[in-house]
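Inspection log for the structure reproduced underneath, given as structure tokens.
Rule-based calculations on the coordinates, nothing more; no lab input. None of these values were measured; they are calculated from a predicted model. When we count neighbours, we look across all protein chains shown, and the Cβ atoms used for this are built from the backbone with ideal geometry, even at glycine.
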Amino acid sequence: MGYVRWFGHSAFEILLDGYRVLVDPWISNPKSPISVSEYKERVDLIIVTHDHGDHTGDVVELMKRNKDARLVAVYELANSLAEKIGDSSRAIGANIGGPVKIDGVDLKVMFFPATHSATFGGTPTSVLLQGKEASIYHAGDTGLTAEMQLIGELYTVDIALLPIGGHFTMDSYQAAKAAQLLRARVAIPMHYDTFPVIQADPNEFAEYVKKMSPETKVVILRPGEKYEF
């Protein structure tokens, strides 16, 4: 049995096919129930969607602590983080396209477009993580994009992790449309309430999803909670 655990903001821990994956692990964000120093789990893979500090977060510390963990990100960002980690051998630079080849990790990782900005480290992305137990889509920071429909047509999206905070990303209304385009079986809202400017009501998101994509189940997590699959 696997799970998705939310630490607040866009930071997730995913246990999939026995691998522990962190996505955008800003575990020390203001809504997180634990500090990064309190996080003691063994990590196999860290995925970063783009180079903003609220997504690169605690990557360097976590990579230094987990000596066997791999880092996967867009090429320029992977190289930049590798310099900070001091070990280029564990950073895998990729780009938008087909599955990323990761030696020793039997999961598929695919990057897709995200409509957002970046500071220095390549283009922003969303990411689809495929395993035998589930297929999980993390939208990163994005506005609504037509490409989401293609993802939903090509792949099964068991769980979609979608930003709803507005201002920098989709709001609840647009995120509900994203759930429809992705044909998501489960949708979990993220990237909201961390700061006043991205305050949002996840129950409003659930209501929009009920109207636009009634086959999608909305799961609202509090920081630290898990959704098991």
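Given their separation in residues at 0.36 nm each and the Cα-Cα distance between them, Ser117 and Ile220 gain 34.4 nm when the chain is fully extended.
Amide H contacts of Leu162: Ile188, Met190, each under 5 Å away and 5 or more positions distant or on a separate chain (H built 1.01 Å from N in the peptide plane; Pro and chain starts excluded). Karplus-derived 3J(HN,Hα) values for segment 187-201, using 6.51 cos²θ - 1.76 cosθ + 1.60 with θ = phi - 60°, are 10, 10, x, 8, 6, 8, 6, 5, 9, x, 5, 10, 5, 7, 9 Hz; glycine and proline are entered as x.
Between Ile34 and Thr156, take the C-beta separation as r, use R0 = 22 Å, and let me know the FRET efficiency to the nearest 0.05. It would help to have the intermediate numbers written out before the result.
Numbers: r = 32 Å, r/R0 = 1.45.
After rounding, the FRET efficiency stands at 0.10.
With the simple spin-label model, which puts each label point 7 Å out from Cα in the Cβ direction, the Arg42 to Asp201 separation comes to 4.5 nm. The H on the amide N of Ala11, modeled in the peptide plane, is under 5 Å from the matching H of Trp26, each at least 5 residues off or on a different chain. Stretching Met1 away from Val60 to a fully extended chain increases their span by 18.4 nm, per 0.36 nm per residue minus the current alpha-carbon distance. Rounded to whole numbers, the Karplus 3J(HN,Hα) couplings from phi for segment 150-155 are 5, 4, x, 7, 7, 10 Hz, using 6.51 cos²θ - 1.76 cosθ + 1.60 with θ = phi - 60°, and x at Gly and Pro. Given springs between every Cα pair under 10 Å in a Gaussian network model of the chain, which of Ser172, Ser89, Ser37 has the largest fluctuation? Its mean-square fluctuation being the largest, the pick is Ser89. Could you tell me which label, among [x] 118; [y] 104; [z] 131, carries the value of volume of the Cα convex hull per residue in Å³ calculated for this structure? Given [x] 118; [y] 104; [z] 131, the calculated one carries the label [y]. The loop-placed chymotrypsin sites (Phe, Trp or Tyr not before Pro) in segment 105-146, going by DSSP, that have at most 13 neighbouring Cβ atoms within 10 Å of their Cβ come out as Phe120.
Around the amide H of Arg70, modelled in the peptide plane, lie the amide H atoms of Leu45, Ile46, all under 5 Å away and 5 or more residues distant in sequence or on another chain.
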